[in-house]
Amino acid sequence: MIPEYLKYTPSHEWFLWDKKSITVGLTQFIIDGLDKLLFLDLPKAGDEILSGISFGEIESLDRLIDITSPIAGEVIAVNERLFENLNILSSDPYNHGWLIKFVTTETHLISELLDAREYATHINKIQPTPTIRQRKRRVKNMKGKRRK
């Protein structure tokens, strides 16, 4: 499920603007694509984040992913609970699994991010799910191969 009240980037970060600050997290899609989470690196409160430049990274057994923002700003809060328990990120990425909160003068850029429908289309292009017709063909082909 992709929450409709959030905005998204093609690199799988989500954004929530509450008129005071912007909260950033990682989507369920990218988290599900990672094996066991090992390490998380985030900036500290007071640090500046720059548009398009990595402000953190998450490491799993099989991948290392840079976390970026298309919006620059100043970090005002970091989810310290994640450093104690990375499983929060896996189990609840849209609520308790948020990464940072920041303030910015570039709030107009929020409207340029993907909405839930656009993000769903984006991830379907990355990993398309077979249609029912395609699934039936595969089953028939597999049955045919077994008979030989």
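Only the coordinates and a few stated rules stand behind these numbers; no lab work does. Being a predicted model, the structure only gives us computed values, none of them experimental. Note that each Cβ is placed from the backbone with ideal geometry, even for glycine, and that neighbours are counted across all protein chains shown.
Observations, loosely collected:
- If only the Cβ of Lys and Arg carry +1 and only the Cβ of Asp and Glu carry -1, the dipole of the chain around its Cα centre is close to 2180 debye.
- Computed from label points 7 Å out along Cα-Cβ, the spacing between K44 and N95 is 3.2 nm.
- Taking H96, H108, H122 in turn, the Gaussian network model of the chain (Cα-Cα springs below 10 Å) assigns the largest fluctuation to H108.
- Pairwise FRET efficiency - E4 versus K125, Cβ, R0 = 30 Å, nearest 0.05: 0.95
- Helix 132-147 axis, angle to the chain major axis (alpha carbon atoms, nearest 10°): 50 degrees
- Structure-derived Rg/Rh (Cα atoms, Kirkwood Rh): which label, when the choices are (i) 0.96; (ii) 1.10; (iii) 0.93: (ii)
- For region 76-92, putting each phi into the Karplus relation 6.51 cos²θ - 1.76 cosθ + 1.60 with θ = phi - 60° gives couplings of 10, 7, 10, 6, 5, 4, 5, 5, 7, 8, 5, 5, 4, 4, 6, 7, 8 Hz, in residue order, rounded to whole numbers and with x for Gly and Pro.
- Once the C-beta distance of A77 and S11 is scaled by a Förster radius of 25 Å, the resulting FRET efficiency is 0.70 to the nearest 0.05.
- Across the chain, Cα pairs under 8 Å and at least six residues apart give a relative contact order of 26 percent.
- Global form of region 60-99, assessed from the alpha-carbon gyration tensor, a/c cut-off 1.5: oblate
- Think of it as helices only: each DSSP H run of n ≥ 4 in the chain is worth -39500 (n - 2.57), and spread over all residues that comes to -7500 deg cm²/dmol at 222 nm.
- Restricting region 47-133 to GluC sites (Glu not before Pro) that sit in a DSSP loop and have at most 16 other Cβ atoms within 10 Å of their own Cβ leaves E80, E106.
- Dipole of the chain, positive direction: furthest Cα of H12, L86, N124, with charges on the beta-carbon: N124
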